[in-house]
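Peer 1: Sharing a structure here in C-alpha cells format.
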Amino acid sequence: MYKHTIKTLLSLVIATCLLMSSGCDKQEQCSCESISANDSSTCTKNTSYNCASLDDNDPLKQSWCDAQAFFEQKSHLDTDSKAFKDYLNGYRHGMNDASQGKASRISRSQPLQGSNFEDNGYRNGYEKVMTQLGLIEINAEDTNLRSQYRERYYEIEKLYHHVEQTEDDNPFQKSRYIDGYMKGGYIALTLPAPMNPFMDNEELAGKQLPPIAIPEEPLSDAQRAFYRGFEEGYKAMMANIRNSINQIMEQMQQPNN
C-alpha cells in the first residue's frame, strides 16, 4: 500500500512538471509587456531583429526596426536597454492610436522631456502613421511658405474648431473637414454652373444633381467630418456667389451704368 502511494505521487509530480515545461517553449513567445497607459497590452518578443532585410508580412519586426531607427537617432543607449523597451512600447501604442484615427494622448505641439522614452516613442509612432497616410498639416507659424492654399487652410482650421466646438487636435478629423470644405466650395463654383441655382429655370434645376450623396451606412468620425466640411464649404461658396451676383445686378441698375 505504501509503495503504491509513492508511485502515484511520483506519477503526479512527473505529469505536472511535463505540463509546466510544455506551456512555454520559448521566452520570446510568452513575454508580455504593457504598451499603453490605459492597460491595453500585447505580447512582444524580447529579442532583436536583423533590419537589413525587412519583411512586410511581419508587423512586429517592421515596427521594431522602425522604432530602432528613431531611437538610435536620438539616444546613445543600445536596443537591449530598458529605455528602448519603453520607447518601443510607446511607439507601437502611438501607431495603434493613429491607425484607428484617435487623437494623440500626447500634445504634439509641446516639447517632451528627453528622459521620457515611452512618450517620445508614442509621438514618433503616431507621426509615422500620419506620414505613411500622406496626411499634411500646415504650421501657421511658418511664414516662409505662404500661399493661397495656406491662407485658406488657416481660415478653415479656425472654422473647424468653432463649428465642432472643440480644441481637440485630432489631425485625421481636422484634415478630412478641411478637405471636405475645400471640395464643397469647388463643386459650388464649377458643377454644373454657378449661375444655375439663381436662375428661374425649372428645366435646368430639374437636371441638377445634388452636391454630394451621403451614404446611409454608419460613418466613421473622420468621414462625418468630411461631409460636415463639404456642406459648410458648399454653403459658404454659394453665399459668396449670391452676394457677387446681387452686387453686379445693383451696379447694372444704377443710372450711370
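Peer 1: For ASN96, work out the one condition from (1) under 23 Å from GLN173 (Cα atoms); (2) polar (S, T, N, Q); (3) assigned to a loop (DSSP other than H, G, I, E, B) it doesn't fulfil.
Peer 2: (3)
Peer 1: Restricted to the stretch 176-198, and to residues that are of a type in the set (Gly, Ala, Ser) and at pLDDT 65 or above, which residue is farthest from LEU209 (Cα to Cα)?
Peer 2: Result: GLY180.
Peer 1: Follow-up. Condition check: surrounded by 13 or more Cβ atoms within 10 Å (Cβ to Cβ) and farther than 19 Å from GLN223 by Cβ. Does GLU127 satisfy that?
Peer 2: yes
Peer 1: On to the next question. For the stretch 130-150, give me the residue count where each residue is closer than 27 Å to GLN100 by Cα, open to solvent by less than 60 Å² (accessible area, probe 1.4 Å) and free of Cβ contacts under 8 Å to residues at least 12 places away in the same chain.
Peer 2: 1
Peer 1: Just to be sure, is ALA69 surrounded by 14 or more Cβ atoms within 10 Å (Cβ to Cβ) and either within 23 Å of MET130 (Cβ to Cβ) or modelled with pLDDT of 90 or more (or both)?
Peer 2: Considered against the rule, which asks whether it is surrounded by 14 or more Cβ atoms within 10 Å (Cβ to Cβ) and either within 23 Å of MET130 (Cβ to Cβ) or modelled with pLDDT of 90 or more (or both), ALA69 comes out as no.
The values are calculated or read from the model by the stated rules, or taken from the named source; none is laboratory data. Here the structure is a predicted model, which means the values were calculated and not measured. Counting neighbours? That spans all protein chains shown, and the Cβs are built from the backbone with ideal geometry, glycine included. The accessibility values were calculated without ligands, DNA or RNA, using every heavy atom of the protein model including side chains. Shrake-Rupley method; radii C 1.70, N 1.55, O 1.52, S 1.80 Å.
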